[in-house]
Amino acid sequence: MIPNEQKLRTELAQLSESQKIDQIIELMARITALEARLGMNSSNSSKPPSSDGYAKPAPKSLRRKSGRKPGGQQGHPGATLRQVAEPDTVKVHLPEYCTCSHCLDEDPIHHVERRQVFELTEKPFEVIEHRLVAKICSGCGRMVRANAPSEAPAPVQYGPRFRAALVYLRNYQLLPYNRLAQLCHDLFGATVSKRTIEAAQQQAYEALAPFEQEVRRQLLQEEVLHADETGMRVDGKRQWFHSLSTPLLTLYQVHSKRGGEAIEDNGVIPAFKETLVHDCWSPYFGYGGKHGLCGAHLQRELEGISENDGHGWACETFVLLEMMARATGTHGNQALSESLITWFEQAYDSILLQGEQDLPPPQKTPGKRGRVKKSKAANLHARLVTHRDSVLRFLRNPAVPFTNNLAERDIRMAKLREKTSGCSRTFAGAEKFARIRGYISTSLKQDKDLFQNIMNAMLKNTWIPVAGHS
């Protein structure tokens with residue numbers, strides 16, 4: 001007999017029939033809720049993949065086959081290593097003897113075959129000494145010394161190219177301090193301290209202030225903005241990493257809050273009057289003119305409710321959203337006819353109306369006061385009805401995509417950094433990463449030479465994106 005079993009049996013026997021029924025109903029509701037929770041994973045809910053643990057669900061993606069063959073597509077430029085016209089070093093190899101033992105020293109050359117080897121230099125560092133000559137003026141007797149170049153403010157320092165490499169490896173390749181210092185020692189023969197890396201970070205951070213200001217200005221001129229946020233560890237505490245994205249621009253922000261306070265401090269969203277695409281985080285609805293919701297997020301939730309709760313309306317809505325996505329094209333830029341849009345909207349309303357009738361009424365838990373808690377299915381249904389125009393925004397505006405994948409790709413870097421480098425030790429360090437990473441992301445989106453852009457920033461010649469140009 002289990003401990004306290006007799007006591008439980010006695011208490012159960014003393015309950016009335018109505019109390020027993022109430023307890024059974026409550027237990028059944030709890031079991032149903034627990035089963036639904038157990039059936040949730042990253043493929044059918046908004047839970048992140050890291051929450052799946054070792055029991056990973058079978059691979060299942062919302063992506064559909066494109067019909068293209070695997071591998072490189074027609075017109076793909078490729079990246080084959082090719083010979084250069086002017087090599088840095090030329091080594092000539094001459095045959096000495098023929099197989100018949102004849103010496104070939106005096107014989108003419110028939111032809112030359114070229115083979116090239118791309119190799120790292122044995123000594124990557126070039127030490128440049130700047131000698132500042134001083135002279136005595138014969139006219140007035142004063143000593144005049146030559147001015148030091150900007151890259152040599154002290155007797156010994158690393159040059160702008162190497163400091164740019166530190167910023168590149170730290171913020172783009174996401175190397176932690178110790179591994180970055182080890183790489184510099186092994187490949188370059190340079191003993192680099194954490195303080196040296198932090199000094200390069202600070203220099204880049206200060207140089208990129210005009211870039212960040214210009215990006216904020218250009219974001220306000222866009223027709224569509226993508227917003228997302230994720231938690232990040234800073235000094236052992238959870239802070240929030242926010243992003244605002246377009247196909248050509250990225251702005252990051254670190255804040256202690258996730259909602260309205262962070263949005264107000266950022267300043268862009270409160271002044272933005274066009275369409276803001278996001279994942280239905282409620283504080284966003286207090287700002288902007290129009291909103292668009294991520295269809296991929298909604299499909300994952302619909303799939304989870306269909307699988308775990310068996311609601312037919314959820315499955316039908318999932319299929320309808322998939323049809324809409326296909327009709328508007330892969331990137332959501334295919335304009336639809338008014339008749340097709342009307343048919344989609346009417347089908348959407350009809351499915352949700354039927355779903356409202358199919359949803360069971362919320363069950364009040366016996367003995368508990370207050371408002372009756374809605375089920376996950378009821379909450380999603382209410383969201384789809386309340387934000388109908390935002391869900392279907394992409395049907396009438398080809399500039400609004402079906403998903404918020406652009407923002408998710410940009411925000412993913414914060415989680416990848418935590419996985420590879422750990423959390424930020426200070427809030428100021430997190431802010432440096434946010435600004436520098438925004439510069440990196442924007443440079444890549446506009447097909448710029450990333451390392452050259454970083455080096456220009458170290459030389460106080462920061463690249464500033466031009467509105468409407470890549």
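The values are calculated or read from the model by the stated rules, or taken from the named source; none is laboratory data. None of these values were measured; they are calculated from a predicted model. Note: ideal-geometry Cβ built from the backbone for every residue, glycine included; neighbour counts use all protein chains shown. Calculation scope for accessible area: heavy atoms of the full protein, side chains included, ligands and nucleic acids excluded. Shrake-Rupley method; radii C 1.70, N 1.55, O 1.52, S 1.80 Å.
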Check your understanding: Which helices (runs of 4 or more DSSP H) sit wholly inside the stretch 398-462 and have at least 2 residues that are of a type outside the set (A, V, I, L, M, F, W, C) and at pLDDT below 95?
Key -> 405-421
Exercise for review: Could you please let me know if residue 176 is open to solvent by less than 50 Å² (accessible area, probe 1.4 Å), within 11 Å of residue 197 (Cα to Cα) and at pLDDT below 95?
Suggested key: yes
Study note, to complete from the structure: Within the stretch 289-331, restricting to residues that are within 30 Å of residue 221 (Cβ to Cβ), among the small types (Gly, Ala, Ser) and in contact (Cβ under 8 Å) with a residue 60 or more places away in the chain, the one that is surrounded by the fewest Cβ atoms within 10 Å (Cβ to Cβ) is 296
Point to revise | Among (1) within 24 Å of residue 389 (Cβ to Cβ); (2) open to solvent by less than 10 Å² (accessible area, probe 1.4 Å); (3) under 16 Å from the mean Cα position of the chain (by Cα) - the single one residue 268 does not satisfy | key: (3)
**Study point:** Extreme residue, farthest from residue 149 (Cα to Cα), among residues of the stretch 99-132 that are open to solvent by less than 100 Å² (accessible area, probe 1.4 Å) and touching a helix residue (DSSP H, G or I) at 6+ places or on another chain (Cβ under 9 Å)
**Key:** 124
Check your understanding: Taking the stretch 395-404, which residues are more than 19 Å from the chain's Cα centre (by Cα) and open to solvent by 10 Å² or more (accessible area, probe 1.4 Å)?
Key -> 396, 397, 398, 399
Check your understanding: Which ones in the stretch 133-171 are of a type outside the set (Gly, Ala, Ser), open to solvent by 70 Å² or more (accessible area, probe 1.4 Å) and farther than 30 Å from residue 431 by Cβ?
Key -> 133, 135, 136, 140, 142, 143, 144, 145, 147, 155
**Study point:** Evaluation of residue 198 against (1) within 19 Å of residue 249 (Cα to Cα); (2) open to solvent by 40 Å² or more (accessible area, probe 1.4 Å); (3) of a type in the set (Asp, Glu) (one fails), failing number
**Key:** (1)
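Residues checked against (1) of a type in the set (A, V, I, L, M, F, W, C); (2) within 20 Å of residue 215 (Cα to Cα); (3) part of a loop (DSSP other than H, G, I, E, B):
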residue: 262; (1), (2), (3): yes, yes, no
residue: 265; (1), (2), (3): no, yes, no
residue: 273; (1), (2), (3): no, yes, yes
residue: 276; (1), (2), (3): yes, yes, no
residue: 288; (1), (2), (3): no, yes, yes
residue: 297; (1), (2), (3): no, no, no
residue: 300; (1), (2), (3): no, no, no
residue: 303; (1), (2), (3): no, no, no
residue: 308; (1), (2), (3): no, no, no
Review point. How many residues, within the stretch 371-393, are surrounded by fewer than 17 Cβ atoms within 10 Å (Cβ to Cβ), hydrophobic (A, V, I, L, M, F, W, C) and in a helix (DSSP H, G or I)?
Key: 2
Point to revise | Residue in the stretch 405-449 that is surrounded by the fewest Cβ atoms within 10 Å (Cβ to Cβ), counting only those that are of a type in the set (Lys, Arg) and within 23 Å of residue 247 (Cβ to Cβ) | key: 412
